[in-house]
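To keep things clear, I will list the structure first and then write my remarks on it.
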Amino acid sequence: MLEVNHLDVVFRTYGGEVKAVRDVSFHVDHGEIVAIVGESGSGKSVTVKTIAGLMQSENAEIRNGNVLLNGTDLLKMTEKELRKVKGSTMTMVFQDSMTSLNPTMKVGKQIEESIKEHTGLSKSERKDKVITILKQVGIPNPELRAEQYPHEFSGGMRQRVMIAIALACNPELLIADEPTTALDVTIQAQILDLLKGLQANYNTSIILITHDLGVVAETAKKVIVMYAGMVVEKAPVDQIFKHPGHPYTEGLINSMPDVSTDKNERLIPIEGSPPDLFSPPTGCPFVSRCKYAMEVCEHHIPPEFEVKYNHFSRCWLHDERAGVNHFNANKEGEETDQK
Amino acid sequence: MQIKRVKKLTKNKKILEVKNLKKYFPQNKTESVKAVDDVSFHVLEGETFGLVGESGSGKSTLGKVITGIIPATEGEIIYNGQLLDSYKGNEKKRVNREIQMIFQDPQSSLNPRMRILDIIAEGIDAHKLALGKKRKEAVYATMQQVGLNPDFIKRYPREFSGGQRQRIGIARAIAVDPKFIVADEPISALDVSIQAQVINLFEDLKKENELTYLFIAHDLSMVKYISDRVGVMYLGKIMEIAKSEDLFENTLHPYTKALISAIPNIESANNPKKENGRILLEGDPPNPLHPPSGCRFRKRCPLAMDICKEQVPQMREAEKDHWVACHLYNK
């Protein structure tokens, strides 16, 4: 349904060009929840903002690539055409609901605005629709709540309102940029439950951006791991935690204690910090922090290797010339397991 | 790799004891927010005591009251067997040096116009611990200990990454050779791959400098990993205190149960069919200005009874070293 091909986005700044997104490709199927994970500065937000058509600022430039939504290229659309798509076929939910909602406008009115823009419903029909949607996202007393202002809502409730606005026109694709990061865990569980319900009941496709691998495991079907502007690994969720195909993903999984981690075990961090995107390394962006780095990694950006069916990794270790190593040994081990 | 923990716990010496501590923030003439309401607990020397709770539970306020950043409304804080307020003169200075705090956001807790040398030496200067060359040497040594390159001594905070800035915050706290450190969400502003680096640093420093930590956080898996004992706060009250393993394996309080079951877990990806038994709490935490009568959790509690409305549950030792404030465990 959504296809992103070889996307390159740069920011022009006084300090030079920042290569925020480099050669990013992935696709999202109908009714699929896809998670994008990565640290701050990995380009995950820029990627989805480009998809949502929010990257037309003066210093951002889309160098290369295309974004196909149901076969049409969003990047070639005129402003007017794009407006039709935005909000109806595809909508976005942001991280911080306090700054994304208009503080001087009643919540019901803000939801109604989106319906007014995209449908021909009459005023009273729109009012009814607002109440239905508020109910759908689990807000008690919708009639009363629609007449209130954002500051009268709690953080979790405001995030529900954001989702309500996004749902107003039954979008096929919902992009949620860290929708639960600002929330407490018990409220996060409620919101994730709501998102999963949408996907199950309305077959909505969802792109979920997060930095929490636990959230990924519980909600998504497919994961895209980004690092320094590049997609380093793409895999089905049940695959990636058992058999990560990239040293960065492996490092992330190892560095997190989970509830069952033994206290006497020492955490295994990824040493160092992410590269400077003004002058990214000529080779693999992860090379300086990778414990398996080889000479080739310093000079050449690794291509995507298909490690397994639908499991891609940008790592030279999967090249046959790398010989038997940690990663492909892993794979063979598993095959013998299956026999 | 195995780390040997400081085996001081056997001594069971209470380095810090908090008794019936209250911190109210008046909103107007009649009402006040009871951010910390009648809280009692203790921290043993050499242990890490984790304090968890959601936003608004009062955990940060509690940390600030203990370090003396804000005064308590009522109650006692006993440090090394003596009331904190009763220390005078040089003794008071020593205690102020021994209790240090590390903050959540290294971006806003470091003065952007000061060089690293002066930031880390702030405590050394305030307590007149070293001057001139000795002062610089002390900063050098501290920087090395927290894994910062001492060549960066003349740089400004903005020239460092988030993880490095948190190391500066830690260096500033340990430069004065403290005994007790209150760390308020020290890793929540950091990226996942950096968090483990900082946690390992905390563990190393604890061993090398024989520190005691009060570790405030909302990330339960991290708290379980780093703490010996954990206290769970909800709306100004401590609901449950237990040894870290006990709290997770033998959870007593319904709120703690809900909190633990809400942690998103990597394991669930491997068995998607399995029902994870998640307890979804209804609604939001109540307004702290008007908390419910009786137990503060009762409106969201799946097991609430009549008595929960009428009586505030008191802390009792339901099992050995496992304290809980819940009417379900009345004997």
(message) Out of all DSSP beta bridges in the protein assembly as shown, what portion is antiparallel? Express it as a percent rounded to 5.
(response) 60 percent
(request) List the trypsin sites (Lys or Arg not before Pro) within the range B:70-160 that fall in a DSSP loop (any state other than H, G, I, E or B) and whose Cβ has at most 13 other Cβ atoms within 10 Å. (result) B:LYS88, B:ARG113, B:LYS128
(request) Counting other Cβ atoms within 10 Å, keep those with at most 16, restrict to DSSP loop, and tell me which trypsin sites (Lys or Arg not before Pro) in the range A:288-328 are left. (result) A:LYS291
(message) For a quick check, take a GNM of chain B with Cα springs below 10 Å and name the residue from B:LEU62, B:LEU16, B:LEU83 with the largest mean-square fluctuation.
(response) B:LEU83
(request) Any lysines with Cα under 16 Å of the B:LYS92 Cα? List them, leaving off those in the same chain fewer than 8 positions away. (result) B:LYS128, B:LYS179
(message) Nearest 500 deg cm²/dmol is fine: what mean residue ellipticity at 222 nm does chain B get from its DSSP H runs of n ≥ 4 alone, each adding -39,500 (n - 2.57), divided by its residue count?
(response) -9000 deg cm²/dmol
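With +1 on the Cβ of every Lys and Arg and -1 on the Cβ of every Asp and Glu, and nothing else charged, how large is the dipole of chain A about its Cα centre, in debye rounded to the nearest 20? Please list the in-between numbers first.
Numbers: 36 positive and 46 negative charges, 217 e Å.
About 1040 debye.
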(message) Contact order normalised by length for chain A, with contacts defined as Cα pairs under 8 Å and 6 or more residues apart; what percent is it?
(response) 19 percent
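State whether the range A:1-81 is rounded, prolate or oblate according to the following rule on the C-alpha gyration tensor (a ≥ b ≥ c being the square roots of its eigenvalues): a/c under 1.5 gives rounded; otherwise a/b larger than b/c gives prolate, and the remaining case gives oblate. Spell out each step's value before the answer.
Numbers: a/c = 2.17, a/b = 1.32, b/c = 1.64.
Judged from the Cα gyration tensor, the range A:1-81 comes out oblate (a/c at least 1.5, b/c at or above a/b).
If you add up the charges near B:ALA126, with Lys and Arg at +1 and Asp and Glu at -1, over every other residue whose beta carbon is less than 14 angstrom from its beta carbon, what do you get?
Working: positive: B:LYS92, B:LYS93, B:ARG94, B:ARG97, B:LYS128, B:ARG135, B:ARG172; negative: B:GLU98, B:ASP118, B:GLU122, B:ASP125, B:ASP177.
Local charge sum for B:ALA126: +2.
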(message) If I take R0 = 60 Å and measure r between the Cβ atoms of A:VAL296 and A:SER122 in this structure, what FRET efficiency does the formula 1/(1 + (r/R0)^6) give, to the nearest 0.05?
(response) 0.40
(request) Evaluate the distance, in nm, between pseudo-label points positioned 7 Å from the Cα of A:THR181 and of A:TYR14 along their respective Cα→Cβ axes. (result) 2.6 nm
(message) Give the aspartates and glutamates reachable from B:LYS34 as a straight Cα distance under 16 Å; neighbours fewer than 8 places away on the same chain don't count.
(response) B:GLU54, B:GLU74
(request) Rounded, prolate or oblate: pick one for chain A, where a ≥ b ≥ c are the square roots of the eigenvalues of its C-alpha gyration tensor, a/c under 1.5 means rounded, and failing that, prolate if a/b is larger than b/c, else oblate. (result) prolate
(request) Taking 7 Å along the Cα-to-C-beta vector as the label spot, tell me the B:GLN314-A:SER260 distance in nanometres, rounded to one decimal. (result) 4.1 nm
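What FRET efficiency comes out for A:GLU271 versus A:ASN141 if R0 is 45 angstrom and r is the Cβ-Cβ distance? Round to the nearest 0.05.
Details: r = 52 Å, r/R0 = 1.15.
It comes to 0.30.
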(request) Give the residue from A:PHE286, B:VAL65, B:TYR156 lying farthest towards the positive end of the charge dipole for the protein assembly as shown; charges sit on Cβ (+1 for Lys and Arg, -1 for Asp and Glu) and the dipole is referred to the Cα centre. (result) B:VAL65
(request) When a/c is below 1.5 the answer is rounded, else prolate if a/b is larger than b/c, else oblate, so apply that to the range B:56-112 with a ≥ b ≥ c taken from the square roots of the Cα gyration tensor eigenvalues. (result) oblate
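For the range B:132-291, what is the percent of antiparallel DSSP beta bridges, rounded to the nearest 5?
Working: 6 of 11 bridges.
Taking every DSSP beta bridge within the range B:132-291, about 55 percent pair in antiparallel fashion.
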(request) Considering the options B:PHE202, B:GLN100, B:ILE241, tell which one lies farthest towards the positive end of the dipole of chain B, charges being +1 on Lys and Arg and -1 on Asp and Glu at the Cβ, about the Cα centre. (result) B:GLN100
(message) For the range A:254-323, what does the relative contact order come out to in percent, with C-alpha contacts under 8 Å and a separation of six or more?
(response) 19 percent
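Multiply the residue separation of B:GLU76 and B:LEU289 by 0.36 nm, subtract the distance between their alpha-carbon atoms, and state the gained length in nm to one decimal.
Going from the current span to full extension adds 74.3 nm.
Report, in debye and to the nearest 20, how large the dipole of the range A:80-125 comes out about its Cα centre when Lys and Arg carry +1 and Asp and Glu carry -1 on their Cβ. Present the calculation step by step, with values, prior to reporting the outcome.
On the way: 8 positive and 6 negative charges, 31 e Å.
With Lys and Arg at +1 and Asp and Glu at -1, about 140 debye.
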(request) Pairs to check: B:LYS29/B:LYS299; A:LYS84/A:LYS135; A:LYS263/B:LYS320; A:LYS19/A:LYS80; A:LYS44/B:LYS257. Give those whose C-alpha atoms are more than 24 Å from each other in this structure. (result) B:LYS29/B:LYS299; A:LYS84/A:LYS135; A:LYS19/A:LYS80; A:LYS44/B:LYS257
(request) Using DSSP to define loop residues, name the GluC sites (Glu not before Pro) in the range A:46-80 whose beta-carbon has at most 14 other beta-carbon atoms within 10 Å. (result) A:GLU58
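In percent, what relative contact order does the range A:98-248 have, based on Cα pairs under 8 Å that are 6 or more apart in sequence?
Working: 162 pairs, mean separation 28.0, N = 151.
Relative CO of the range A:98-248 lands at 19 percent.
Charges only on Cβ, +1 for Lys and Arg, -1 for Asp and Glu: so what's the dipole of the protein assembly as shown about the Cα centre, in debye to the nearest 20?
Numbers: 87 positive and 88 negative charges, 412 e Å.
Approximately 1980 debye in magnitude.
Out of all DSSP beta bridges with both ends in chain A, state the antiparallel percent to the nearest 5.
Values: 30 of 49 bridges.
That works out to approximately 60 percent antiparallel.
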(request) Mind telling me which of B:VAL230, B:VAL146, B:VAL192 comes out most flexible in a GNM of chain B, alpha-carbon contacts under 10 Å? (result) B:VAL192
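Work out the mean other chain Cβ neighbour count within 10 Å for the residues of B:221-228 and drop it here as an integer. Kindly include the intermediate steps, with their values, before the conclusion.
Values: counts 7, 5, 1, 6, 9, 3, 1, 1.
Shielding by partners across B:221-228 averages 4.
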(message) Counting only GluC sites (Glu not before Pro) that sit in a DSSP loop (anything but H, G, I, E, B) with at most 13 other Cβ atoms within 10 Å, what is the longest stretch of chain B containing none of them?
(response) B:32-209
(message) Test of understanding: what is the full-extension gain from B:LYS88 to B:SER188, defined as 0.36 nm times their sequence separation minus their Cα-Cα distance?
(response) 32.4 nm
(message) So, R0 is 56 Å and r is the distance between the beta-carbons of B:ASN20 and B:TYR156; what FRET efficiency does that work out to, to 0.05?
(response) 0.80
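FYI, it's all coordinate maths here, none of it is from the lab. All figures in this text were calculated on a predicted structure; none of them were measured in a lab. Neighbour counts run over all protein chains shown; Cβ positions are idealised from the backbone, glycine included.
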